[in-house]
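The values are calculated or read from the model by the stated rules, or taken from the named source; none is laboratory data. Remember, predicted model here, so these are calculated numbers, not experimental data. Here the Cβ is made from the backbone with ideal geometry for all residues, glycine too, and neighbour counts use every protein chain on show.
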Amino acid sequence: MIGISRKQKLGLYIPLIILGIFSLLPFLIMVANSGKTDLEIATSLSLLPTGHLSENLATATSLAPLYRGVLNSLFVATFATVLNIYFSTMVAYGFSVYKFKHNKKLFLFVLLTMMIPGQLTFIGFYDMVKSMGLLNSYIPLILPGIASAGNVYFLKQYCDQIVAIDTIESARIDGANEMMIYHKCILPILTPAMSTMAIFTFIGNWNNYLVPLLILNDSNKYTLPVMLRYIAGMSSISSVSIANAQGAIYASALVSVIPVIIIFVIFSKRIVGGLNAGSVKG
Amino acid sequence: MKFDKWGYLFIAPFFIAYFIFGLYPAINTFRLAFFQYDMNMPTNNFVGLQYVIRALQDPLVYHGIFNAIKYWAVGTVFVQFTAILVAAVFTFFKIRGTHFFKSIFYLPSVVSSAVVATIFSLFMGYPAGFVNTLIVESGFVDEPIYLLGNPVIIFCLVIFISWWMGYGGTSITAGAGMTSISDELYESAKIDGASFPQIFRKITIPLIWPVLTYMWMTSLIYGLQAFDIQFMLTDSSGGPNGVAQTISMYIYKHGFEVGNVGYASGVSIVFFIVIVVLSIIMLTLLQRREK
């Protein structure tokens, strides 16, 4: 800590506040404009909504099943997160506790899988999903998360620190089998790390754009990012034509960020703390 | 130990899921590059290396790769510059509401790229987006401007968005690196009469540098994959003269718009080679630094 005068300190707050305004302003404009008419959006810069949110939402839902999208996203993100965390923890525990042959080599393989980005293989992924008859299904959005090398890596470090062999051995003497020991004795003590990873995994799945864009082609099945782009496309925003239904698009964007913002507000300590641990890619 | 065999059962889910959803698609992409194959009319003609060779000679492939690298490099400079300053302020001075500021700075990166691209393209919209309203109402220009038709504006906008979404998280990680520098080092520097800028330049930056170069290099792989923002801001077209077309967008275009899956896979193979080469260079550099 370095001591400075009050005046100097004030000088530090000003740039921080300006950065804070930069971070928030786009969201504030979004909130304001989702409550204004298209004419007001086009002619005024006021950040005060004028009470037209429900009209804008009505326009949005007439273009696409927006609320259906909320449920779809909730469904996909929840299942993907639960499976991802459950299996990543199991795999991490397996690597951490059991000294089987080639443990180190197999773990290195897990880490190496991070080097092959999914973007390289999406053509092959799409083709495989198509030949499995799984286009328009949520399975290809949910199951791949089971192999999540980053989460395995982080959870293994956590297991290395926290899982005591004594606990496992005394349970073995009591006659419990290994799966029972894992579920009854180990999972409960791993929940803090699991829940931190779950927050990031949920947000990541909620925001996923490319894979749902490839896999889903029925607007009733769209997750929110694809749904939002669909609504924006329906009212053709970035073309040279008159911008129409801006309010409806802002309102749809608002609907699709609200759940993430709620999670963020509730868990912000955990999220910032998780990043602080240097363990999570933003 | 007789129990150790159980380990295989515990780690099996990762390998099963990875072989099906990670490795097989990769192999499948390679396989598809050798066939003339249309998404809509499955005609499987073996064409050998033809598509890979065509991709190697396609200037737009290199354009897409250089574009992705350019966006990554410029964006990262701004992100890391801001992140170091912000992290230093939080590390060295008792700022009230540190957690509040950190959360606010990090907020843009938890929002989906679809929302970000959508609201920013509305801001830049023609003729009645936020920016146009601002510059027309304030008398800065007479007529609204078609902002997203200008390659320079698109470039700056993408850089701005990656800065806006990126510096918050990076500053938290950089701050974790800074607090790990021992207090004694700072204390003895202060006793020797060093000023804050001197301490920052002579102690913090050199000690944090490894963390930063590591973050910088590992982010290259992610940067090369850039897709979402550029794709959505330009309505999948890549913008005027393909200014914002990244390699992933080019693969998408051939696979899903042109419908030439074989060629899209050929481009993916070239992209794969580039990633492997860059990864090897990166790892060598990181290892040399460790010695």
Selection from segment A:38-59 of residues that are surrounded by fewer than 17 Cβ atoms within 10 Å (Cβ to Cβ), of a type in the set (S, T, N, Q) and either within 10 Å of chain B (Cβ to nearest Cβ) or touching a residue at least 60 places away in the same chain (Cβ under 8 Å) (or both) | A:T43, A:S44
Selection over segment B:113-134 where residues are modelled with pLDDT of 95 or more and not in a helix (DSSP H, G or I) yields a count of 0
May I ask you to verify whether B:F140 is more than 9 Å from every other protein chain (Cβ to nearest Cβ), in contact (Cβ under 8 Å) with a residue 60 or more places away in the chain and of a type in the set (F, W, Y)?
-> no
Which condition does A:A193 not pass, out of (1) over 30 Å from B:M232 (Cβ atoms); (2) in contact (Cβ under 8 Å) with a residue 12 or more places away in the chain; (3) over 18 Å from the mean Cα position of the chain (by Cα), if it passes all the others?
-> (3)
Are any of the residues in segment A:143-164 within 14 Å of chain B (Cβ to nearest Cβ), among the polar types (S, T, N, Q), farther than 21 Å from A:W206 by Cβ and over 24 Å from the mean Cα position of the chain (by Cα)?
-> no
Do you know which residues across segment B:79-97 are more than 10 Å from chain A (Cβ to nearest Cβ) and either free of Cβ contacts under 8 Å to residues at least 60 places away in the same chain or touching a Cys at 6+ places or on another chain (Cβ under 6 Å) (or both)?
-> B:F81
Pick from A:S96, A:S131: which is more than 7 Å from chain B (Cβ to nearest Cβ), modelled with pLDDT of 90 or more and more than 23 Å from B:A12 (Cβ to Cβ)?
-> A:S131
All but one of (1) assigned to a helix (DSSP H, G or I); (2) of a type in the set (A, V, I, L, M); (3) in contact with a Gly (Cβ under 8 Å, 6 or more places away or on another chain) hold for B:L278, so report the exception by its number.
-> (3)
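Could you name every one of the helices (runs of 4 or more DSSP H) located completely within segment A:171-277 that has at least 2 residues being closer than 30 Å to B:A87 by Cα?
Hits in segment A:171-277: A:187-207, A:246-276.
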Right, B:Y62: in contact (Cβ under 8 Å) with a residue 24 or more places away in the chain, more than 8 Å from chain A (Cβ to nearest Cβ) and either more than 30 Å from B:S182 (Cβ to Cβ) or not in a helix (DSSP H, G or I) (or both) or not?
-> no
If you go through segment B:57-106, how many residues are buried (at least 20 other Cβ atoms within 10 Å of the Cβ), hydroxyl-bearing (S, T, Y) and under 21 Å from B:M282 (Cβ atoms)?
-> 2
Please state which one of A:G20, A:G3, A:G69 is more than 8 Å from every other protein chain (Cβ to nearest Cβ), surrounded by 17 or more Cβ atoms within 10 Å (Cβ to Cβ) and either at negative phi or modelled with pLDDT of 90 or more (or both).
-> A:G69
Taking B:Q225 as meeting all but one of (1) surrounded by 14 or more Cβ atoms within 10 Å (Cβ to Cβ); (2) under 26 Å from B:G125 (Cβ atoms), write down the number of the exception.
-> (2)
Inside segment B:191-239, the number of residues satisfying the requirement of being of a type outside the set (S, T, N, Q), in a helix (DSSP H, G or I) and farther than 20 Å from B:G175 by Cα is 11
Working carefully through the options B:A87, B:A55, B:A68, find the one that is of a type in the set (G, A, S) and over 17 Å from B:A264 (Cβ atoms).
-> B:A87
At the interface with chain A (Cβ under 8 Å from one of its Cβ atoms) and either over 26 Å from the mean Cα position of the chain (by Cα) or closer than 30 Å to A:I165 by Cα (or both): does that describe B:Y18?
-> yes
What are the residue pairs meeting all of these: first residue in segment B:242-254, first residue among the hydroxyl-bearing types (S, T, Y), second residue not in a helix (DSSP H, G or I), Cβ atoms under 6 Å, and 6 or more apart or on different chains?
-> B:T246/B:A226; B:S248/B:Q225; B:S248/B:F227
How many residues, within segment B:228-277, are within 9 Å of chain A (Cβ to nearest Cβ), polar (S, T, N, Q) and surrounded by fewer than 18 Cβ atoms within 10 Å (Cβ to Cβ)?
-> 0
